[in-house]
Amino acid sequence: MKNLLKKYARLVIKTGVHLQSDQLLVINAPLECADFTRLLAQEAYTAGAHDVIVNWKDEKLAKLRYTMGQDGIFSEFPEWRRLFYMDYAQQGAAFISIYAEDPEIFKEVAPDRLAMSQRAAGAALIEYRQRMMNNENAWCVVSIPTVAWARKVFPDVSVGASVKKLWQEIFKVVRIDKSSDPVENWKKHVGFLAKAADFMNAHQFVSLHYCNSVGTNLTIELPKGHIWAGGAEYTTNKVLFVANMPTEEVYSVPKRDGVNGTVVGTKPFSYNGNLIEGFQLTFKDGVVIDYKADKGQDILGQLIKTDEGSCRLGEVALVPYDSPISQSGTLFFNTLFDENASCHLALGKAYPTCLAGLVPMIPLYMKIL
């Protein structure tokens with residue numbers, strides 16, 4: 001286990017953010033993930049990091065704040081926190097986020113409080129998030145087991161066994177085993193996804209038609225000059241990085257007013273400490289005009305109404321039917337994993353790198369080298 005953890009930490013540093021000598025690293029980490037965060041810091045310093053800064057998060061304390069705090073605090077976002085992100089981003093830091101929350105930690109929180117907090121953070125961090133979406137900084141999102149998350153995924157075994165089983169699944173889908181070098185494994189995987197993106201870019205399809213057995217019938221037009229990406233990308237300083245581990249998708253941007261029909265989710269969606277289940281969205285000319293969910297409908301409604309762009313699609317992604325996550329048959333209750341089990345869509349802001357002319361592009365073939 002110690003050897004596998006070290007391999008994982010090295011993979012995140014070497015391939016995930018591809019940390020450069022004398023570069024700053026910021027790690028956003030839950031308190032429960034402290035041991036792995038220290039491993040990441042150790043690998044970062046070994047790789048020559050200028051310094052490692054950890055931004056600790058406590059979801060249990062956050063729940064207390066959401067349930068007991070005064071109403072006014074949820075429309076506020078501290079200036080020092082905005083400056084924290086922007087200062088390190090402007091210094092060229094790489095960012096690692098460990099996404100390992102309890103899927104239902106905020107199920108008892110009033111949806112409007114969550115929505116207000118999301119809007120306040122979105123407004124305050126708009127410049128920082130724009131930098132990430134423009135690939136001005138290297139960034140990577142990864143996960144490790146926490147007790148609450150593991151118990152949700154494997155509820156029929158003991159606590160220790162559930163954590164062990166989740167570790168086993170994570171190692172498998174991030175291509176880590178005892179006998180091979182995961183950095184080399186990911187070079188091959190990135191090459192495969194680059195070829196898939198090349199295929200889609202060469203054909204420049206006009207539209208995609210999605211159907212499934214539970215009611216999805218959705219047509220998505222693609223704009224002229226759309227670009228498919230996946231696997232690894234380059235920062236504006238030409239540093240190759242992998243934004244999500246795991247990742248099995250190639251993705252692009254839909255035409256703003258070219259989405260029509262209904263999409264029905266086949267897996268629960270974990271959003272902001274809540275589960276949205278049995279949901280469907282109906283689009284007309286790119287806008288969500290109707291929605292419903294068997295569970296979490298209020299949360300879904302707040303999500304769609306977050307701002308003027310949250311009722312439109314910002315991403316369309318294709319995933320191989322036989323992806324490792326699909327083959328595992330495991331429902332992770334974690335979007336980082338579950339989105340890589342099947343083709344998927346995302347509401348909200350599109351990646352500027354997926355449309356020609358918005359952000360300078362580096363030729364895709366360089367990703368294979």
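Summary table below
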| quantity | calculated |
| --- | --- |
| Residue in segment 17-34 that is under 18 Å from residue 145 (Cα atoms), among the aliphatic types (A, V, I, L, M), in contact with a strand residue (DSSP E or B) (Cβ under 8 Å, 6 or more places away or on another chain) and buried (at least 21 other Cβ atoms within 10 Å of the Cβ) present | yes |
| Of all residues making up segment 86-118, the number that are of a type outside the set (Gly, Ala, Ser), surrounded by fewer than 18 Cβ atoms within 10 Å (Cβ to Cβ) and at pLDDT below 95 | 4 |
| Filter result for residue 50 (more than 26 Å from residue 165 (Cβ to Cβ) and within 21 Å of the chain's Cα centre (by Cα)) | no |
| Scan of segment 82-113 for residues that are farther than 30 Å from residue 68 by Cα and either of a type in the set (Phe, Trp, Tyr) or without any contact (Cβ under 8 Å) to a residue 60 or more places away in the chain (or both), ordered by number | 87, 88, 89, 90, 95 |
| Only listed residue being over 20 Å from the mean Cα position of the chain (by Cα) and either charged (D, E, K, R) or more than 27 Å from residue 93 (Cα to Cα) (or both), chosen from 201, 185 | 201 |
| Residues that are surrounded by fewer than 14 Cβ atoms within 10 Å (Cβ to Cβ) and small (Gly, Ala, Ser), drawn from segment 154-199 | 158, 160, 161, 179, 180 |
| Single residue of segment 85-115 satisfying the filter (hydroxyl-bearing (Ser, Thr, Tyr) and not in a loop (DSSP other than H, G, I, E, B)) that is nearest to the chain's Cα centre (by Cα) | 97 |
| Pairs, first more than 14 Å from residue 106 (Cα to Cα) in segment 57-74, second surrounded by 13 or more Cβ atoms within 10 Å (Cβ to Cβ) and among the hydrophobic types (A, V, I, L, M, F, W, C), C-beta under 6 Å, six or more apart | 74/116 |
| Single residue of 62, 44 found to be in a helix (DSSP H, G or I), touching a helix residue (DSSP H, G or I) at 6+ places or on another chain (Cβ under 6 Å) and of a type outside the set (Asp, Glu) | 44 |
| Segment 281-303 residues that are more than 19 Å from residue 271 (Cα to Cα), paired with ones that are of a type in the set (Gly, Ala, Ser) (beta carbon under 7 Å, 6 or more apart) | 283/261; 286/258 |
| Pair list, Cβ < 7 Å and 6+ apart or interchain, from segment 192-217 residues that are under 17 Å from residue 261 (Cβ atoms) to residues that are of a type in the set (Ser, Thr, Tyr) and not in a loop (DSSP other than H, G, I, E, B) | 207/219; 209/219; 215/262; 216/210; 216/262; 217/262 |
| Failed condition for residue 160, given (1) within 25 Å of residue 238 (Cβ to Cβ); (2) assigned to a helix (DSSP H, G or I) | (1) |
| Scope segment 302-327; condition loosely packed, with under 15 Cβ neighbours inside 10 Å and of a type in the set (Gly, Ala, Ser); matching residues | 309 |
| Matching strands (runs of 3 or more DSSP E) fully within segment 241-353 where at least 3 residues are in contact with a strand residue (DSSP E or B) (Cβ under 8 Å, 6 or more places away or on another chain) | 250-252, 259-264, 274-284, 287-295, 313-318, 344-347 |
| Tally, over segment 304-322, of residues that are in contact (Cβ under 8 Å) with a residue 60 or more places away in the chain and within 15 Å of residue 122 (Cα to Cα) | 3 |
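The values are calculated or read from the model by the stated rules, or taken from the named source; none is laboratory data. What you see is a predicted model; the values in this text were computed from it and never measured. Cβ: placed from backbone, ideal geometry, glycine included. Neighbour counts: every protein chain shown.
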